[in-house]
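**Student:** Following this message is one structure expressed as structure tokens.
Every read-out reported here was derived from the displayed coordinates using simple, explicitly stated rules and does not represent laboratory data. What you are looking at is a predicted structure, and each value in this text was computed from that prediction instead of being measured. Methodologically, a virtual Cβ is constructed for each residue, glycine included, from the backbone with ideal geometry; neighbour enumeration extends over all protein chains shown.
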Amino acid sequence: MDFSLTEEQLWIKQAARDFAMRECLPGVIERDEHQKFPREQILKLAELGFMGMMISPVYGGGGMNAVSYVLAMEEISKIDASVSVCMSVNNSLVCYGLEAFGSETQKQKYLVPLAKGRKGDELYIGAFLLSEPEAGSDATSQKTTAADKGDHYILNGTKNWITNGNSASVYLVMAQSHAEKGSRGINAFIVEKDTPGVSVGAKENKLGIRGSDTHSINFNEVIVPKENRIGDDGFGFTFAMKTLSGGRIGIASQALGIASGAYELSLKYAKERKSFGTEIKNHQIIQFKLADMATRIEAARLLCLKAAIEKDKGLDYSVSSSMAKVYASEAAMWTTTEAVQIHGGYGYVKEYHVERLMRDAKITQIYEGTSEVQRIVISRSVLK
């Protein structure tokens, strides 16, 4: 088994790191403080080709593999998880879902500009609308309805916790068309944000990833052409689950980046900060914390890369992506908490960054499938 990266992958990793330091680090504290969406950074990510990394160049994408995506996500998440979650949703959920399951017409109309991240000079990204006020982990309990009217559907309902909610131009929306069929009655639709009847709710005031654009989206008698349905009638739930498996690689990589960012800051601080007449790196308790951080991060990284390799090889990666997400997210929460502890009082103030990383880490245990849901997926696999 070869653990070395290719020259291209090393270049992508370095390019992502350089971008994060140059474009994301300046102003990251202020964007977090004021919940400012990082539009300028996302547009520059699009110029770099990172908004559709794994999409075929035929459809405007970068044609890179999932391993390269993991490397880029980690580096950007070390600095600004609000930027990386926008990148993750557009790559893993929206673009992947359309490339894998969309029609050729849908790909040409929507996937091409989404993979480029822009249409002309304007930002052009997508959002994935599955969660509802009463359908979080229980995604089968969709209350949003899509009534079949022959050549179109009428969409009614509310979606919440939607990343890119206000900034997206295109929504991928899951809605129930045949309630009597349960999950087999759910459809997936492409809905343009400016369609009459679509409205965006207030921005959520969040604990972490405060720069990301999280809103509720309301649909009131929204007309959706039949050609905007993805796949066959009743394919929506399968579409959502298959797409989320890939999304978990993105969020696991985000968690990995948050953890490794906190670790790098702690390592630097331990070499500079003095107490009891010597740098704190010389105290065994700090050495053990750093050793445990490094070990958990490396284990998380290997799980992320394993899931990515399985995806690149066309294998079933649903279990490995769940393992990566549950482990990396919990490693991130533990590592960032320890990073604050290593920094002491300085870790509790914003200018030292680790408190923000700790706040950002928590959501990785919740969105795109909670840690509890990941354990359900894993346990079903090991017990079958």
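**Student:** For segment 126-237, what number results from the quotient of the Cα radius of gyration and 2.2 N^0.38 Å?
**Tutor:** 1.01
**Student:** Just grab the label-to-label distance for Thr105 and Val58, each label 7 Å out from Cα along the Cβ direction, in nm (one decimal).
**Tutor:** Between Thr105 and Val58, the label points sit 1.9 nm apart.
**Student:** For a quick check, take a GNM of the chain with Cα springs below 10 Å and name the residue from Ala147, Ala66, Ala328 with the largest mean-square fluctuation.
**Tutor:** Ala147
**Student:** Taking +1 at the Cβ of each Lys and Arg and -1 at the Cβ of each Asp and Glu, which of Tyr96, Met54, Gln106 sits farthest along the dipole of segment 1-120 towards its positive end, judged by Cα position relative to the Cα centre?
**Tutor:** Gln106
**Student:** Among Gln41, Ala20, Met73, whose Cα projects farthest towards the positive end of the dipole of segment 1-92, with charges put on the beta-carbon of Lys, Arg (+1) and Asp, Glu (-1)?
**Tutor:** Value computed over the given set: Gln41.
**Student:** How big is segment 110-161 by the Kirkwood estimate over distinct Cα pairs, in Å?
**Tutor:** Final number for the Kirkwood radius of segment 110-161 is 13.4 Å.
**Student:** If Rh is defined by the Kirkwood formula over all Cα pairs and Rg also comes from Cα, what ratio Rg/Rh do you get for segment 7-123?
**Tutor:** Answer for segment 7-123: 0.98.
**Student:** If the label point is 7 Å along Cα→Cβ of Ala147, which residues in segment 196-228 have backbone nitrogen under 20 Å from it?
**Tutor:** 196-199, 218-228
**Student:** So for the chain: antiparallel DSSP bridges make up what percent, rounded to the nearest 5?
**Tutor:** 85 percent
**Student:** Rounding to the nearest 20 debye, state how big the charge dipole of the chain is about its Cα centre with +1 on each Lys and Arg Cβ and -1 on each Asp and Glu Cβ.
**Tutor:** Using Cβ point charges on Lys, Arg, Asp and Glu, the chain gives about 540 debye.
**Student:** Another question, then. In straight Cα distance, which lysines are under 24 Å from Lys268, not counting same-chain residues fewer than 8 positions off?
**Tutor:** Those lysines meeting the cut-off are Lys13, Lys78, Lys281, Lys289, Lys350, Lys362.
**Student:** What are the extents of the Cα atoms of the chain along their three principal axes, listed from largest to smallest and rounded to whole Å?
**Tutor:** 78, 47, 41
**Student:** Sorted by average packing, counted as other Cβ atoms within 10 angstrom per residue and highest first, what order do 292-302, 193-203 take?
**Tutor:** 292-302, 193-203
**Student:** Let me ask something else. Dipole of the chain (Lys/Arg Cβ +1, Asp/Glu Cβ -1, origin at the Cα centre): which of Ser275, Met1, Val198 lies farthest to the positive side?
**Tutor:** So the residue furthest toward the plus end is Ser275.
**Student:** What Rg and what Dmax come out for segment 244-383 when only alpha-carbon atoms are used, in angstroms?
**Tutor:** 16.4, 56
**Student:** If you average the sequence gap of Cα pairs under 8 Å that are 6 or more apart and divide by the length of the chain, what percent do you get for the contact order?
**Tutor:** RCO, the chain: 16 percent.
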